[in-house]
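Reviewing the structure listed below.
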Amino acid sequence: MLAVPALVLAALAAVAPAAAQLELIAPSMGTACNYMVFGTSAITTGATGTYDGTFGISPTTIDAVTIPPGLSSVPTQDYWTARPQVFGLVHGPGASADNARADYLAAYEYANTLAPTQPSPSIVLGGLTFDIPGVYHWSTPAYSAASSTINIVGALGDVYIFQVNTLTTGAFSKVVLSGGIQADSIFWILESTLTLGASSEFYGIAMCGTAATVGASVKWVGAVFAKSAVTMGDAVEMTDGNGLCAGAAAPAVPQVAPTVAAAPAAPVVAPTTAAVAAAPVVAPTPAAPVVGIPSPSMDAAAEASASLTPSGAAAAKARRAALEAPRWDRVVAAKNATLDAGRRSHIITRAAHGSKRAIV
């Protein structure tokens, strides 16, 4: 049996994590991607704040949603229109919220059962840099200290899944993204609870086995889904970024299409068969007057009018005779010229055949 060189084994070991990472598929949120905050038992916000997305609750009724100054009327449908703080709808039990709840629970189960692809670092996440996409797992509570930073590095479309028993972040702590990775490609899968400290900054989609508590003045890009309650402090600023339904490949900034030179227009090729030129329009040749028959006088109309009286008839007859006399002279001259030309042609022809008769 041939021994495999140690160098080859090392190369294979280095490729294995990358291959596993390539096979990682982000959890499909289904219709839950339309929601930014979703609870199953209650949702409560502070007196102030900004939520650029849609709220949902199911199976508990919509009355369990508290957004000061309060939802003041009973809805006629399964949702309320936007509240002063919420730039979106607030859905209670019904087709939309019920389907979203089923979809996010399916996504939670999928992500929570994935096998880790990367070794688990310290439970103290503050100060760590994650630069290899994949699945990380902590079976015990993890946290970040106050004012600490969790760095996540990745390209657009890279996926990180953090399976954590419980996650607590300290006040003024931060999650910082770099390399082009988006918040909707980062999944925090909590076995139990998520607690974000006041004035902290957070990125990603959190799916909690129980509850989520967000401190005052937190800035969060992503979404939160909890199997029980979601509680927000005052002045929370939350947005779903590019929109969870856009998927991990959504660009962070508008993409400019490259300038492509327009293809030259194809030359117009003349047909191989020459086109038949249209025949020129030839003006009709006027019919030659019949020799020997005088053409009507241009004064015929005048003559016809004048012949209506005896004196006019005599004058017309005299004028016609005067016009026709020279015309007959021309006809006779033309006949004589024709006869004379024929006679000469006959004499010339006979001379060509040896006749010695002189031309008369």
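The values are calculated or read from the model by the stated rules, or taken from the named source; none is laboratory data. Just so it is clear, the model here is predicted, and its values are computed rather than measured. All Cβ positions, glycine included, derive from the backbone under ideal geometry; neighbour counts span all protein chains shown. Heads up: the accessible areas ignore ligands, DNA and RNA and are worked out on the full protein's heavy atoms, side chains in. Shrake-Rupley method; radii C 1.70, N 1.55, O 1.52, S 1.80 Å.
Quick notes on this structure:
- From Ala223, Ala211, residue being more than 16 Å from Trp138 (Cβ to Cβ) and surrounded by fewer than 24 Cβ atoms within 10 Å (Cβ to Cβ): Ala211
- Within the stretch 127-134, none of the residues are more than 38 Å from the chain's Cα centre (by Cα), in a strand (DSSP E or B) and aliphatic (A, V, I, L, M).
- Residue match in the stretch 152-170 (condition: polar (S, T, N, Q), outside any loop (DSSP other than H, G, I, E, B), touching a Lys or Arg at 6+ places or on another chain (Cβ under 8 Å) and farther than 20 Å from Pro27 by Cα): no
- Where a residue in the stretch 82-110 is within 27 Å of Pro68 (Cβ to Cβ) and open to solvent by 10 Å² or more (accessible area, probe 1.4 Å) and its partner, wherever it lies, is part of a helix (DSSP H, G or I) and of a type in the set (Gly, Ala, Ser), with Cβ under 8 Å and at least six apart: His91/Ala97; His91/Ala100; Arg101/Ala32
- The set of residues from the stretch 185-224 being assigned to a loop (DSSP other than H, G, I, E, B), touching a strand residue (DSSP E or B) at 6+ places or on another chain (Cβ under 6 Å) and hydrophobic (A, V, I, L, M, F, W, C) comprises Ala211, Val218.
- Count - residues of the stretch 196-250 that are modelled with pLDDT of 95 or more and in contact with a helix residue (DSSP H, G or I) (Cβ under 7 Å, 6 or more places away or on another chain): 8
- Contact annotation: residue pairs with Cβ atoms under 7 Å, 6 or more positions apart or on different chains, pairing a residue in the stretch 139-160 that is hydrophobic (A, V, I, L, M, F, W, C) with a partner that is open to solvent by 70 Å² or more (accessible area, probe 1.4 Å) and in a loop (DSSP other than H, G, I, E, B), are Ala146/Phe172; Val153/Asp131; Leu156/Ala249.
- For the stretch 146-177, residues that are open to solvent by less than 50 Å² (accessible area, probe 1.4 Å), among the small types (Gly, Ala, Ser) and modelled with pLDDT of 95 or more total 6.
- Evaluation of Asn99 against (1) at pLDDT below 95; (2) part of a helix (DSSP H, G or I) (one fails), failing number: (1)
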